[in-house]
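The values are calculated or read from the model by the stated rules, or taken from the named source; none is laboratory data. Source: prediction; values computed, not measured. Counting neighbours? That spans all protein chains shown, and the Cβs are built from the backbone with ideal geometry, glycine included. Note: accessible area is taken over every heavy atom of the protein model, side chains too, but ligands, DNA and RNA are not part of it. Shrake-Rupley method; radii C 1.70, N 1.55, O 1.52, S 1.80 Å.
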Amino acid sequence: MKSARRRTLLKHGSAWMLSSLSPLLPSARAQAPSAPSRPRWSNWSGTSSCQPSSLETPAHEAQLAQLLRAGNGKLRCVGAAHSFSALVATEGQLISLDAMAGLVQVDPAQQRVTVRAGSRLAQVSRLLDQAGYALANLPDIDTQTLAGAISTATHGSGMQLPALHAHVSGLRLLTAGGDTLVCNAQQHSELLPAAQVGLGSLGIITEVSLQVVPAFKLQRHVWLAPVEQMLQQAPALARQHRHFEFFVLPYTGYAAGVSHTPYQGDAIQHAPSHDEQMLHDLRRLRDWAGAMPALRRWLAAKLIDPSLQERATDRSYKLLASARPNKFYETEFHLPQEHGLDCLRAVLAVIESNPDNYFPIEFRYVAADTAWLSPFYQRPSCSIAVHVAHGEDYQFLFRDIMPIMRRYQGRPHWGKLHDFGAAELADLYPRWSDFLALRRQLDPRGRLLNVHTSRLFGVKA
Amino acid sequence: MHCIRTTALLLLSSVLLACSRQPTPPSPAQLALAETRRPSALQLAQKYERSCFNCHANGASGAPLSGVVADWAPRLERGLPALLLQAQRGVGAMPPRGACSDCSDEELTALIRFMASAP
């Protein structure tokens, strides 16, 4: 009986750790198009909201250009509203690219595809799969729009794999004045590394060209190990596997490793996810034994069987990403790889100093790239993400976690919670002033600024 | 004293685990059904593919699966207007308007009808 109980918890745990702690679903809190009053909008997690003057959903680029030329007020673009930071909020026009989705072109010779910017990542994966291709890597949540994902430097895990925007070979950008800029190797090539991660501040992306790879399958392996053992082995595991990440389970003494390696077989074995059940278990453990950390650890040791493992095989996009059924808050920082594990130890100490915490801490590897505002700019990185259940107090992320990230030269994920401002961002990004100059050139009247980006850039909204 | 403490701990473990009953996962047939269905109207199918499919054809999302009538029956008992209201306001992890900012109320209703119906 006891063994069965242990097995149940572990099974839940292993499944959950696979995809768990990360972003999830999109959320565009826009009022019905037919509604007469000003719409209300909030992001998916509810950390940012606004009342824009209108919500526009242009069906194609010409309509969007006309809309931009017709007005002169503030505007922001919204993707899937999954960002936790206030990148979208505006009292001006809110422009959704929902109606501008789908595949434009497949170029087999170049192994390149062109996709409309409002396409959701999951949709892109399915369309590519039908054409025999795949994205080289994916974030573990794929409900974001393509434009939103690249504009915020959204990433997956893999020591040799860069973030999504690094695969962007070209894009079409509509400036705030309604002019079209084609940025690729032949035209405006100097703008491409700036526009790859633009925070929606250089213009509105309407189409994206991506380097893709032939469709492939992966084998997932999930296992548990004592925290310090996992930390010691992590660099070697990251070198060994195409994708490797791990989750530290606070107050249990365990971490869960998750690897994905290429799979050539035909078997598709993909067990149903029990992620939410595991979160429920960890939360129960917190609720019942949170005031007694020693008891909490004792119970965890009794209930978790570290010998059990889980394996799955499936098409790459079906294993790398998943949908999340519950909301949460999240911060994430990208650190120089040599500081990653030390920073994680410091974060874990803080997390385990507050018995309210139970969400696992996510640790990933990301390769360097050359986009000016990429948090991975010329820096092989480790990413540390800290999550808090929706409805619980997340202020400690700012108070306790961010000072640690600053100490280890962390660069914030643009789409997640952070309080960094212009001065320290300028120190973290070598091409910061170049980006600001380009932003002024492309949007001289600051139409695309909002309160949040004004603070980031150190300019008036 | 030691026995009392041990009994208390085991009891606590039981309570914890008693709270950990998991819902029945969807069957492979139900997942296959959800993954293959699309609305017949082209425009609605495009919106479904973009905004609904990722959760309503995914067993891990916790959302009622498209075409799995058993998932929808208890929800439909509250009536279609109540379901539309939930879609408009958002429910659980689903954002307001179901992540479909260009869906009219009529389209949301049609999408609910499609997902809740048997193939």
Please work out which one of (1) touching a helix residue (DSSP H, G or I) at 6+ places or on another chain (Cβ under 6 Å); (2) open to solvent by 10 Å² or more (accessible area, probe 1.4 Å); (3) closer than 22 Å to A:His243 by Cα is the condition A:Cys382 fails and give its number.
(2)
Examine segment A:44-51 for a residue that is open to solvent by 40 Å² or more (accessible area, probe 1.4 Å), on the phi < 0 side of the Ramachandran plot, in a loop (DSSP other than H, G, I, E, B) and within 12 Å of chain B (Cβ to nearest Cβ), and state whether such a residue exists.
no
Of the residues A:Arg69, A:Arg116, A:Arg76, only one is in contact with a Gly (Cβ under 7 Å, 6 or more places away or on another chain) and either open to solvent by less than 10 Å² (accessible area, probe 1.4 Å) or not basic (Lys, Arg) (or both); which?
A:Arg76
If A:Ala238 passes every condition in (1) of a type outside the set (Phe, Trp, Tyr); (2) open to solvent by less than 10 Å² (accessible area, probe 1.4 Å); (3) without any contact (Cβ under 8 Å) to a residue 24 or more places away in the chain but one, which one does it miss?
(3)
Filter result (in contact with a helix residue (DSSP H, G or I) (Cβ under 7 Å, 6 or more places away or on another chain), in a loop (DSSP other than H, G, I, E, B) and more than 10 Å from chain A (Cβ to nearest Cβ)) within segment B:64-111:
B:Pro64, B:Leu65, B:Ser66, B:Gly67, B:Val68
Would you confirm whether or not segment B:41-48 contains a residue that is at pLDDT 90 or above, more than 10 Å from every other protein chain (Cβ to nearest Cβ), part of a loop (DSSP other than H, G, I, E, B) and open to solvent by less than 60 Å² (accessible area, probe 1.4 Å)?
yes
Cross-chain or 6+ apart pairs with Cβ under 8 Å, segment A:92-110 first and under 21 Å from A:Ala59 (Cα atoms) and in contact (Cβ under 8 Å) with a residue 24 or more places away in the chain, then part of a loop (DSSP other than H, G, I, E, B) and among the acidic types (Asp, Glu)
A:Ser96/B:Asp102; A:Asp98/B:Asp102; A:Ala99/B:Asp102
Taking segment A:402-418 as the search range and keeping residues that are open to solvent by less than 60 Å² (accessible area, probe 1.4 Å) and assigned to a loop (DSSP other than H, G, I, E, B), which one is farthest from A:Ala195 (Cα to Cα)?
A:Tyr408
Determine, yes or no, whether B:Ser61 is in contact with a Pro (Cβ under 9 Å, 6 or more places away or on another chain) and outside any helix (DSSP H, G or I).
yes
The one condition A:Leu448 fails out of (1) open to solvent by less than 10 Å² (accessible area, probe 1.4 Å); (2) assigned to a helix (DSSP H, G or I); (3) within 13 Å of A:Gly198 (Cα to Cα) is (2)
